[in-house]
Structures are given as structure tokens and as C-alpha cells.
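What follows is one structure encoded as C-alpha cells, with my remarks underneath.
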Amino acid sequence: MSDSQTLQWQALGRDHHLPPFTDYKALNAKGTRIITRAEGVYLWDSEGHRILDAMAGLWCVNVGYGREELVEAASRQMRELPYYNLFFQTAHPPALALAKAIADIAPQGMNHVFFTGSGSEANDTVLRMVRHYWAIKGRPEKKVIIGRWNGYHGSTVAGVSLGGMKAMHGQGDLPIPGIEHIDQPYWYGEGADSDPEAFGIRIADQLEQKILELGEERVAAFIAEPIQGAGGVIIPPDSYWPRVREILARYDILFVADEVICGFGRTGEWFGSDYYGNAPDLMPIAKGLTSGYIPMGGVIVRDEVVETLNEGGEFYHGFTYSGHPVAAAVALENLRLLREEGIVERVKAKTAPYLQARWRELAEHPLVGEARGVGMVGALELVKNKRTRERFAEPGIGMLCREHCFRNGLVMRAVGDTMIISPPLVISEAEIDELIAKARQCLDATARDVL
């Protein structure tokens, strides 16, 4: 592509496009990066630069770019039945087959799926379904849902409210009523003066404290990501989830495990709940369900919850594109690829251990206070002083590092001063070596700027 073509596209962006999560004035002054094609784990921009996508798009391109099987699945379905809805007591084969395929890999006892168009819509559905469930049981006062500070559950009104990102709450008078939050299990950033396992138990105990403060009779559910993704790849201490399970067993509230990021192989298991041994009542899903090739989400629901919903009459909730036949066909083919190519098993046995071993080598870098990860996710904490964990006083170190990454052919995401990755599950060991080499190069460039 020519420079003039890039400038034309950037002008179109300035004149007509409002992108998500963007400072519009700053972007208009700088100009949008234009991505034109992709293959495997790589992107190409309009100026011909090849970029290793260590974020799999937005945590979603699990089977990699350029899979013709998914293109063909969409094409076949478009010719046969390009669209029909799931309203009016009607269904179509792709949605029904997909519901069964998801149930086959879901945790035991989770055999039903409500389809949505995205993870945000899935979490809207969670809020509606949880409150509807308790109303059917004759306990409409059980409305409060407990989430975690810095958790992320989407950017709709309900999703932002369930999540705990205060900057998002500051826009639009959020959260909505009936949502409470407890602390996140972020040992490096918020508990580094204590033993990790003691910290994990202390933070988990906040769940019970909040239930007792509010009254069990008012609490409907607890929602949490197995690993917080957008919050900075926050990996709980080993003591955290067992303690949460103990607490949940004492009280009559539902457990919602947000699997939008962790689902479909990201941890080396089909779901993050499998990795941690959790048994949720509802699991929002999206992203890796179709490997991002087409929008789709859903909520996997435990059988006991469905039995109650069956007694509640009409559930006044749904979307025009719930279970869209083309999306369902792509998701079915995506799940087939994950299963038949043994991608999840290969991640667990081979590439995730290799990635995590190489990733932890970066902890030796002068800028890195901690290198952590699980499966195919990782985080680097950028600090001024490794010994004291002192952060940089000036903001934007992470964004500075991110820009060095783009200039050096790598996508790493910045969450404050934390750099995070989530590469396609099909990444090879040689490509992991390239990722680590480029990450080190970008850390060196950032260090030259700030140390």
C-alpha cells in the first residue's frame, strides 16, 4: 500500500469514524494505524509492516488468522440460511447443534446455552437471568450482585456496572443500583507486603464479609473472571479460589464465572473454571467461541437453574441476533478445529509451558518487577525500582512501551504500567521465541527512555 492510501484511510477515520475506547482528539492528531490483512499469528498494516499479534486480536483469535475452514462454514451457511431469529418458538439447526457442542465441553451439569451477540450482551443476560431466577423462586428481594474492583464484564450499562473499573463508572453515573464490589486478588499490586497465600484468603474472605454486610437474603450472585483479563492479567494466589468455593457453599447465592476471555482453551483447559476446579451456575462466553471471526456470545447455564427457569413463564429477554445461523456455523467449525487438531491439549502439554518458561525470563529485565502468566496469557509489571516495587511517578510508561512494540513488529497491550499478552493458541515455539525477543527489544527501548 502507498503512503497516500494510508493517509486517505486516516482521513476517513477522522471524518466519519468513532472508534471504541479512544481519546478522539489525540487519535485525530496522530492518525489511525490501518491493519489490512492477517495470517496465522501475524498482521500486516497498510505500510507493509508485519506485526506479531501477541493479543490474538482482543483475546479471541484462538485458531489464528486465515483459517479457510471458518470462511467456508460461513459461506455455506449464508447460501443455505443467512438469517433467521430464535423468537416465535422457532429455531434452526446451527444454533441447536452449537448448543449441544458447547454442552459437550462445558463443566459437568451445564447443558443449556442462551445465545447473545457478544460478551457484553452475555453479561446483560446474566443480570436479567439471575434476578428472574430468584423472582421465580419467590425471593425477588435477592437482587444484589457482587463483583470485584477492576473486574471487566463488558462496556454496556449492565456490563460496566458488574465490572469494577472506576474510570468507566465515572462516565454515565454508574454503576446502576444493586451492584456491589469487593477487592481483586492482585497480590503484586495490592498485597506484596504479605504472603501470597494469606493475601488470597484475606481477599476471598471479603466475599463473605460483603454477603453478611448486605444480608444473604438480598444477595443474588457473585460474578468474577477466573483470571482478570482486561484488568491486567490478575492471577489469583492458589489459596483464593478454594476459599471462594468454601464461602459460596455456605450461602444460597449463584456463582457466575465470566469465561469470555478464559474460555475455549486459553488456560490449557476448555474453560478457566476447569483449570481452577470451580463449579459455576452461569458462564458468560464469547471471543474464542468463534475465534473472533464473527460476533457471537452466550451464557452456559447449570441444569438446576434451568429447571427453575422452566417454571417461570416467559423470559422477556433476547436479541435479534441471538444464535445467528452464520455465527453458529462458524462457531461449530471453530470448535471442531479446536477438538480435532488437539489445540487445547497442545497448549496444555507443550506451548503454554514453553511460553511461560520463556516469559518468566523477562523478569530479569531492569524494568520488570514481575512476570506472571497461566496458559496463553501473561503480564509484565513495569516498575522504577524492582526491589521496592516503586512505580513511575509519571503516567504512560505502559503506553510508551506499547508504541515501541508496534514500531518493532509486536502487539502487546498496556494496562496502566502492566504489559499483557494473549497470543493465538496456535502459536509455535519458534514464534514464541520471536515474541520474547521482540518483547525484550521493546523493554530495552522503553528503559532507555525512562531510566
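The values are calculated or read from the model by the stated rules, or taken from the named source; none is laboratory data. Just so it is clear, the structure is predicted and the values come from calculations on it, not from any experiment. Virtual Cβ from ideal backbone geometry, glycine too; neighbours counted across all protein chains shown. These area figures cover heavy atoms from the full protein model, side chains too; ligands, DNA and RNA do not enter into them. Shrake-Rupley method; radii C 1.70, N 1.55, O 1.52, S 1.80 Å.
Quick look at the numbers
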| read-out | value |
| --- | --- |
| Residues of segment 216-256 satisfying the condition of being open to solvent by less than 10 Å² (accessible area, probe 1.4 Å), over 30 Å from residue 57 (Cα atoms) and small (Gly, Ala, Ser) | 220, 221 |
| Of all residues in segment 407-426 being open to solvent by 40 Å² or more (accessible area, probe 1.4 Å) and either of a type outside the set (Lys, Arg) or without any contact (Cβ under 8 Å) to a residue 40 or more places away in the chain (or both), the one that is nearest to residue 380 (Cα to Cα) | 416 |
| Residue within segment 246-265 that is aromatic (Phe, Trp, Tyr), under 25 Å from residue 351 (Cα atoms) and either part of a loop (DSSP other than H, G, I, E, B) or at pLDDT 95 or above (or both) present | yes |
| Selection from segment 395-406 of residues that are among the charged types (D, E, K, R) and either farther than 15 Å from residue 446 by Cβ or free of Cβ contacts under 8 Å to residues at least 12 places away in the same chain (or both) | 403 |
| When residues of segment 316-357 are limited to those that are aromatic (Phe, Trp, Tyr) and over 28 Å from residue 72 (Cβ atoms), the one least open to solvent (accessible area, probe 1.4 Å) | 354 |
| Filtered residues of segment 367-387 (kept if within 28 Å of residue 270 (Cα to Cα) and basic (Lys, Arg)) | 372 |
| In segment 194-207, the residues that are modelled with pLDDT of 95 or more and either open to solvent by 60 Å² or more (accessible area, probe 1.4 Å) or not in a helix (DSSP H, G or I) (or both) | 195, 197, 202 |
| Helices (runs of 4 or more DSSP H) wholly inside segment 148-193 containing at least 1 residues that are closer than 20 Å to residue 124 by Cβ and modelled with pLDDT of 95 or more | 157-162, 166-169 |
| Residues that are of a type in the set (Val, Ile, Thr), closer than 17 Å to residue 442 by Cβ and either over 14 Å from the mean Cα position of the chain (by Cα) or in a loop (DSSP other than H, G, I, E, B) (or both), drawn from segment 413-428 | 418 |
| From the options 53, 124, 45, residue that is surrounded by 14 or more Cβ atoms within 10 Å (Cβ to Cβ) and touching a Ser or Thr at 6+ places or on another chain (Cβ under 6 Å) | 124 |
| Qualifying residue in segment 382-405 (condition: buried (at least 20 other Cβ atoms within 10 Å of the Cβ), out of contact with any helix residue (DSSP H, G or I) (no Cβ under 6 Å at 6 or more places or on another chain) and assigned to a loop (DSSP other than H, G, I, E, B)) | yes |
| Pair list, Cβ < 9 Å and 6+ apart or interchain, from segment 39-60 residues that are hydroxyl-bearing (Ser, Thr, Tyr) to residues that are part of a strand (DSSP E or B) and surrounded by fewer than 19 Cβ atoms within 10 Å (Cβ to Cβ) | 42/50; 46/35; 46/36 |
| Residue count for segment 427-443, restricted to those that are more than 27 Å from residue 268 (Cα to Cα) and open to solvent by less than 60 Å² (accessible area, probe 1.4 Å) | 2 |
| Residue pairs meeting the criteria (Cβ under 8 Å; at least 6 apart or on separate chains; first closer than 23 Å to residue 234 by Cα, in segment 170-187; second aromatic (Phe, Trp, Tyr)) | 181/149; 182/149; 183/149; 184/149; 185/199; 185/240; 187/199 |
| From 26, 103, 99, residue being surrounded by 14 or more Cβ atoms within 10 Å (Cβ to Cβ), among the small types (Gly, Ala, Ser) and within 27 Å of residue 228 (Cβ to Cβ) | 103 |
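Residue-by-condition table, conditions (1) of a type in the set (Phe, Trp, Tyr); (2) more than 30 Å from residue 66 (Cβ to Cβ); (3) within 21 Å of the chain's Cα centre (by Cα):
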site	(1), (2), (3)
276	yes, yes, yes
279	no, yes, yes
283	no, no, yes
295	no, no, yes
305	no, yes, no
309	no, yes, no
314	no, yes, no
319	yes, no, no
